[in-house]
Amino acid sequence: MEEYGGGDLLSEAMGSAARVVVVEDCVEAPGAFVLHLLLKRALASCGAAAFLALAQPFSHYDRVLRKMGCNLSLHRRNERLHFFELLGFRGGAREGTIADSFVRLYNEIQRLVEANRAGENASQFTVVIDDASLLEVVALGSVNDVLNFLHYCFALTSEMNCTLVVLIHEDIYADEEKMGLLLHLRYIADLVIKAAPLSTGLAADVHGQLSVVNKGTFREQKAKAQKVWNFHFKVKENGTDFFYPGTRH
Amino acid sequence: MAEAVVRCLRDGRLDGEHAPALAVEGSLQCCPLAAGAMLHIAAAFASQVAAGKAQARGLVVVAFDRSPLVYLEFMRRRSLDTNALDRCVRILDCYSDPLGWKQKIQNQQHQGNSAKQFSTNKENITVYRSVKDVTKLMSSVTELGGGFEEGKKYFSVAVDSISSMLRHASVPSISGLLTNLRSHEQVSSIFWMIHSDLHEPKVPRAFECLSTMVACVEPALVDPVCGESPGNLSVLEQNYSKAKFIVRLKRRNGRVKHLYEDLYIEGNDIKFDSAPSVSIEVNQSLVPKAQFNLELSEKERSDRANVVLPFEHQGNGEPIRIYDGRRSLPEAQRDLSLTAPALVDEIKAPKSGTAKGEIHYFRDSDDEQPDSDEDPDDDLDI
């Protein structure tokens, strides 16, 4: 595979027009590798990114991406990567305070996106959230506050021409009533990437299957573009291989 | 049919009635098509308004789910020029800053500056920042609607979508808003989108009750196993490319008419495809599948036409022989005690005060087939 993964099945499935990408995963098939790959691609093509990390500290991502050939520390120093370590993010005890915390967080993201757009070398900006399920935790279960925050981030994608990538754990919402965060995110998304285990169980050479649903919007639409993809993946230290079932020897 | 629906909205309210209301329902499995259907109806309606064919002079779009520019761009692709859009379309933008966060941030950064500098209303777009306040929303909509032309002219309202509104306000308050809009003297028609799988079933039902037309966008193919399994890609692929557009029209007299079309995405546009023999197909689907025959053959139809009904006047010029149903007619003719004279006497003296009653029976029109979709009261103006 190419170093930046530009020519693989995932790139082909994603196309170029998607602005809101939702990555769904579960315990049996974690989808963090998709975030790592998308972050690497965002920074590779002279782009900039804001990474909202609720799941892991910076050092974790730095280590993982370094093995994939991407130096996050360097990008952070050059202010191409803006890392928000939100492990200690507190939504607040009262309802008003949760909303205020999200307003402040959104404010910082908006400033970064605007600064990037107004700068001399305006480039593609990507906002990555790891992950939305933890956002709900810091919001003390207030789905509405999380959705409000995500809506504002979503509005940024159309106003400022940036991309939003959100990871959510599908299996948390499996038994929940239909009004969960997951369903709302699926509605907002242009592209849904779902990591699932193989139905046949664990395997050494295949770590799971990825289904990509490119809903398409009425902004840009290629005639007769394929909308649904499904292929297998294998996560390696330096990247991920994507291949159709049965094509691995 | 999408055209029929747009015509109903275009024709607007009748005297003494509330404005017609269309509820467009979609689900996740075909959400791009549901969104497309809503865009199509808005654009088609705006075209009718621009051409002067509608009761309304303008359309107010209350946009929650999409940037206002998406609507304007879609309408431009449908050959509505800038002049027509400026004249006939106003968008209340509840998408860009629904809760006033941007304004709050700007106020904190530029302390003391007037808030008005941030409500940059471009073209025909007005930013609205208090989506939790339904009363204020109502007055903003009516204010925009009143600005199309001088004098009290009609305008129509589109809400995209009710599901997003329900995150900020309760079902009763939004129902109240829709009812108030429907009964507002200047509102010609109203239509809205709701995503049925984002709510409990009773919520879309509640909004259906407020509507006079319901258009459901349903998946073209139903996966018998589960829509989520990655194995059924062809079903998923199909359902993102085409869907069924099923319309239920409620008439004033309460009768419900069903219409059906296919809709599909072509490039970056949405198209409708009228299925042939629409009403027959729907009627056939309404007849339950049973192991016995519910239809009539030609012979059965003619036999039925020949049946002599009791207490019926044959109307063939002969003396009235009312068949009382106790015996077959030829036997009754031979039985003198039951022949005409006795009955004719009775008819000559209807008020003789005898204990016998009279039955005047007029058979229903033979032209109408049973279970026909035609409503004989359609032409009444009650």
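Every number in this text was worked out from the coordinates using simple rules, so none of it is lab data. Everything numeric here is computed off the predicted structure, so don't read it as measured data. Reconstructed Cβ throughout: ideal geometry from the backbone, glycine too, with neighbour counts over all protein chains shown.
The residues B:Glu266, B:Glu185, A:Glu136, when put in order of fewest to most other Cβ atoms within 10 Å, stand as B:Glu185, B:Glu266, A:Glu136. Mean per-residue shielding of peptide B:262-270 is 3, counting Cβ atoms of other chains within 10 Å of each Cβ. The B:Glu237 and B:Val307 beta-carbon pair, evaluated with R₀ = 60 Å, returns a calculated FRET efficiency of approximately 0.60. Note the full-extension length gain between A:Thr247 and A:Gln124 as 0.36 nm times their separation in residues minus their Cα-Cα distance, in nm to one decimal. The A:Thr247-A:Gln124 span can extend by a further 40.9 nm. For chain A, the relative contact order works out to 28 percent when only alpha carbon pairs closer than 8 Å and six or more residues apart are counted. Projecting the Cα atoms of A:Ser59, A:Val127, A:Ala44 onto the charge dipole of segment A:9-243 (Cβ charges, centred on the Cα centre) puts A:Ala44 farthest toward the positive pole. Basic side chains Lys and Arg get +1 at the Cβ, acidic Asp and Glu get -1 at the Cβ, and with that the dipole of segment A:9-243 about its Cα centre reaches some 780 debye. Per the Kirkwood formula on distinct C-alpha pairs, the Rh of segment A:9-243 is how many angstrom? Over segment A:9-243, the inverse of the mean reciprocal pair distance is 18.3 Å. When segment A:9-243 is described by a simple charge dipole with +1 on each Lys and Arg Cβ and -1 on each Asp and Glu Cβ, the residue from A:Ala195, A:Phe149, A:Gln226 located farthest towards its positive end is A:Gln226. Sorting B:Ser302, B:Ser156, A:Ser142 from the fewest to the most surrounding beta carbons within 10 angstrom yields B:Ser302, A:Ser142, B:Ser156. Hull volume per residue, based on the alpha-carbon atoms of segment B:1-155 and their convex hull, is 145 Å³. Counting only DSSP H runs of at least 4 residues, each contributing -39500 (n - 2.57), and dividing by the residue count of chain A, the helix-based mean residue ellipticity at 222 nm comes to -11000 deg cm²/dmol. For segment B:189-198, 3J(HN,Hα) computed residue by residue from phi via the Karplus equation (6.51, -1.76, 1.60; θ = phi - 60°) reads 7, 8, 9, 8, 10, 9, 9, 5, 7, 8 Hz, glycine and proline entered as x. Checked against a 18 Å cut-off, the cross-linked pairs A:Lys215/A:Lys236; B:Lys104/B:Lys132; B:Lys202/B:Lys242; B:Lys202/B:Lys244; A:Lys215/B:Lys242 give Cα-Cα distances beyond that limit for A:Lys215/A:Lys236; B:Lys202/B:Lys242; B:Lys202/B:Lys244. Exposure proxy shown here: for A:Val113, B:Val247, the number of other Cβ atoms within 10 Å sets the order, fewest to most, as B:Val247, A:Val113. When DSSP beta bridges are restricted to pairs lying wholly in segment A:9-243, around 40% turn out antiparallel.
Annotation for A:Ser59 and B:Leu296: the two label points, set 7 Å from Cα along the Cα-Cβ direction, are 8.7 nm apart.
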